[in-house]
Amino acid sequence: MSRIFSGIQPSGELHIGNYLGAVKNWVALQAQYESYFCVVDLHAITAAYAPDDLRRRTREMAASLLAAGLDPERCTLFVQSRVPEHTELQWIFNTVAPLGELERQTQFKEKRERQEQVMAGLLNYPVLQAADILLYLADSVPVGEDQVQHLELSRVIARNWNARFSPEGHPYFPEPQAKLTPTRRIVGLDGNAKMSKSLNNTIGLLETPDEIWAKLRPAVTDPARIKKSDPGNPDKCAVIFGLHQAFSPPAVVAEVDAKCRSAGWGCIDCKKVLFEHMNVELTPIRTRAQTFAEQPSLVDEALDAGAEKARVVAGRTMAHVKERMGLA
Ligand code: AMP
Ligand code: TRP
C-alpha cells in the first residue's frame, strides 16, 4: 500500500475552504492508503505568534480534523513538534538542500518581502517539509497547487541524499509526488478572492446553523440580478453557486442552475436550499466537535497515540539514515 503524508498549519478552526479543498479529501484517502496527517506547529513558528495562542490553535486544528472525519483507527494524526525526528532529519537535509533552490521558492520570495529581518527558518521552511514527508517514506502528498514547488524541492533533496548515501539503483527515499486535490478553489463570502482566514471572508466548519445563515443571507450573488423576477446567471454567482456545487447533490445543482436562469427562484430561495444541504453535511461534523469540546481528553488521547505511532516509523527511518551516514 502506498503511503501518503500531508500537513496543515495550526490556524485554529478549519473553515469550509480548507475543509473542502484539502481535509475532505484526506478523510476519503485514509481508507485507501497508509496515511499520516500532521498539524505542523514547527512550520507555524516561522511567522510571528504568541505561545499560548499557538497552543490553543494547535489543539483546535486537531479537534477540527477529528470532527471532520479523520479517524485515528485508520490514519496517524499527530502534532509535528511531538515527534523530534522531524527536526533531526531537517538538519540532515539542510546539508543536501541547494541554497539556490531555496532562494527560488515563490512562497519564500513573497514572505520575505513582508519582513523587516528575514530569519533562516523562513528560508528553510521547505526543508522541514521534505523531512516531514520523507521520514515516513511517503511517496504521495495530497495538497493544493500552491505546494507543488515545495514538493519539487522535496524530490531534489531525496535525490541528492540518495545519490550520496544509497547504493546505486536502490534509492532509500522515494521521490514524493503531489496528489492534487480535485476540489477547485472555494471563493470567500466577499466574492473577490479565495476563502481565507486572513481575508476574514470565511464560514467556519463548526459555526452554528444560525451563524451560517447570517452569513449566507447577505452574501453576494449575480450582481446583474436586482429584482427577484430578473433571470440570473449561476456562472456569475461564484459564492453561492460554488457552494451548491460543493454541498448539494448533482440533481439539485442542475435544478438551481435552471431555476436561477428562469427566475423561478429568487436568491433567498436558492440560499435556503443551499443552507439545507450544508446542514446535511455539517451537522454530523458539529456533533462530533461537540463531543470533543465536552471531552477534551479524547483529543489528547488521539494525539498521544498518533505521536507514538509516528515515532515508531520516524525512529526506524532515522536509524537507517544515521547508519548510512556514519552517524551511528
Ligand atoms: P491553508 O488553510 O491555507 O493552510 O491551506 C490548507 C489546505 O487547504 C491547502 O492544501 C490549501 O490548498 C487548501 N485550501 C485553503 N483555502 C482554500 C480555498 N479557499 N479553497 C480550496 N482549497 C483551499
Ligand atoms: N507547507 C504546507 C502548507 O502551508 C504545510 C505542510 C508542512 C505540508 N509540511 C507538509 C504539506 C508536508 C504537505 C506535506 O499548506
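The values are calculated or read from the model by the stated rules, or taken from the named source; none is laboratory data. Model, not experiment: these values are computed from the prediction. Cβ placement follows ideal geometry from the backbone for every residue including glycine, while neighbour counts extend to all protein chains displayed. To get the accessible areas, we keep the full protein, side chains included, count just its heavy atoms, and leave off ligands, DNA and RNA. Shrake-Rupley method; radii C 1.70, N 1.55, O 1.52, S 1.80 Å.
Taking the range 1-112 and the helices (runs of 4 or more DSSP H) fully enclosed by it, the elements with 3 or more residues that are closer than 24 Å to Asn162 by Cα and touching a residue at least 12 places away in the same chain (Cβ under 8 Å) are at 85-94, 99-103. Of the helices (runs of 4 or more DSSP H) lying entirely inside the range 185-301, those containing at least 2 residues that are surrounded by fewer than 18 Cβ atoms within 10 Å (Cβ to Cβ) are 209-216, 250-261, 267-294. Among the numbered conditions (1) surrounded by fewer than 19 Cβ atoms within 10 Å (Cβ to Cβ); (2) within 15 Å of ligand 2 (Cβ to nearest atom); (3) touching a residue at least 24 places away in the same chain (Cβ under 8 Å), the only one that Arg155 does not meet is (3).
In the range 1-52, the qualifying residues are those that are among the hydroxyl-bearing types (Ser, Thr, Tyr) and near ligand 1 (Cβ under 9 Å from one of its atoms), and the one that is modelled with the lowest pLDDT is Ser11. Quick check, is Asp132 closer than 24 Å to Met325 by Cα, touching a residue at least 60 places away in the same chain (Cβ under 8 Å), acidic (Asp, Glu) and surrounded by 22 or more Cβ atoms within 10 Å (Cβ to Cβ)? It is true that Asp132 is closer than 24 Å to Met325 by Cα, touching a residue at least 60 places away in the same chain (Cβ under 8 Å), acidic (Asp, Glu) and surrounded by 22 or more Cβ atoms within 10 Å (Cβ to Cβ). If I filter the range 281-294 for residues that are of a type in the set (A, V, I, L, M) and modelled with pLDDT under 95, do I get at least one hit? Yes, because at least one residue in the range 281-294 is of a type in the set (A, V, I, L, M) and modelled with pLDDT under 95.
Is it the case, given these coordinates, that Glu85 is surrounded by 14 or more Cβ atoms within 10 Å (Cβ to Cβ) and either within 30 Å of Lys322 (Cβ to Cβ) or within 15 Å of ligand 2 (Cβ to nearest atom) (or both)? So Glu85 passes the test. Residues in the range 7-27 that are among the aliphatic types (A, V, I, L, M) and either near ligand 2 (Cβ under 10 Å from one of its atoms) or open to solvent by 20 Å² or more (accessible area, probe 1.4 Å) (or both): Ile8, Ala22, Val27.
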